[in-house]
Amino acid sequence: MSVGNKSLNGSNDTFCILGEGTNDRSVGVHHRVGATASHNYNQGKGTVIYLDSALVTEAQVVEKLGWVKGITTNPTLLAKSDLPPETTLQQLAQISPGELYYQLTASDFDGMVAEGRKAFEIIGEKTVLKVPATSVGFQVVAFLSREIPCAMTAIYSAAQAAVSREAGANYAIAYVNRATRLLGDGLALVQDMASVLKGSNTEILAASLKSPEEAAAALQAGAHHLTLPLSILQAMTTHQLSQQTVEEFNKTGRGLLG
């Protein structure tokens, strides 16, 4: 076993790099006790809005907007791409200004760990692993979050949010609109999650949002971040009265360019 130390971001965290051939189930990168995975992009930087898509053309559109800070994907979205998943992720990683989320599809512990590490090899330091909120999923996050940032996805209870926190997840993902359809009130779910996660390092990412109004309501309910399809992102920037006000100013006023 080969061992090496390095410091990230000027911190005092010490890392042990395990050589190939080890027979134990230790992770590839171990932090000292109490340390968390390196996370240089979006966490802890205020509200972040993501594109929820795996289409490279849509990623190129939001790149030009300047205010969308990352991309989330899932198996269904990846299936809509004409490219193989690995190629899609490579191209999205080049475009995304911040984190790129990949959702694990394996169902057993060893398979999920292997898939998570494979995703990290493809995406690199922008990787956030979306791990389903199942019994084995929580176990995987408790194991992998020491080396790769993780998000628990498909959370439908405050109890699951609490376990996400204890497992070391960076994010807890709530499907707001779907929860409304299945539970009756997706915004109440966000409020309950916010209550149990208050003061922790686990932040709420609201997904399954079908309108600008629902997106804003999720933030008011306690979500830290939003992920939205391109159509909703575009709709968030417009309002009939805004356009009307601009037209009135331009009609009656003047500026540097005439």
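The values are calculated or read from the model by the stated rules, or taken from the named source; none is laboratory data. Since the structure is predicted, the reported quantities are computational estimates derived from the model, not experimental observations. With ideal geometry, Cβ positions are generated from the backbone for all residues, glycine too; neighbour counts draw on all protein chains shown.
Selection of the range 209-242 for residues being exposed (fewer than 13 other Cβ atoms within 10 Å of the Cβ) and within 18 Å of Ala59 (Cβ to Cβ) yields Ser231, Thr237.
Mind checking which residues of the range 123-149 are in contact with a strand residue (DSSP E or B) (Cβ under 8 Å, 6 or more places away or on another chain), free of Cβ contacts under 8 Å to residues at least 40 places away in the same chain and of a type outside the set (Ser, Thr, Tyr)?
Ile123, Leu129, Val131, Pro132, Ala133, Gly137, Phe138, Val140, Val141
With respect to the stated conditions, Ala206 is crowded, with 20+ Cβ neighbours inside 10 Å and closer than 15 Å to Met236 by Cβ.
Go over the candidates Leu83, Leu104, Leu89 one by one and state the one that is within 17 Å of Ala207 (Cβ to Cβ) and in contact (Cβ under 8 Å) with a residue 24 or more places away in the chain. Being within 17 Å of Ala207 (Cβ to Cβ) and in contact (Cβ under 8 Å) with a residue 24 or more places away in the chain holds for just one of Leu83, Leu104, Leu89, which is Leu104. Kindly check whether there is at least one residue in the range 104-124 that is among the aromatic types (Phe, Trp, Tyr), crowded, with 24+ Cβ neighbours inside 10 Å and assigned by TED's automatic domain parsing to the domain that holds Ser195. No: the range 104-124 contains no residue that is among the aromatic types (Phe, Trp, Tyr), crowded, with 24+ Cβ neighbours inside 10 Å and assigned by TED's automatic domain parsing to the domain that holds Ser195.
All of Lys251, Lys198 fail the test of being of a type in the set (Lys, Arg) and under 19 Å from the mean Cα position of the chain (by Cα), apart from Lys198.
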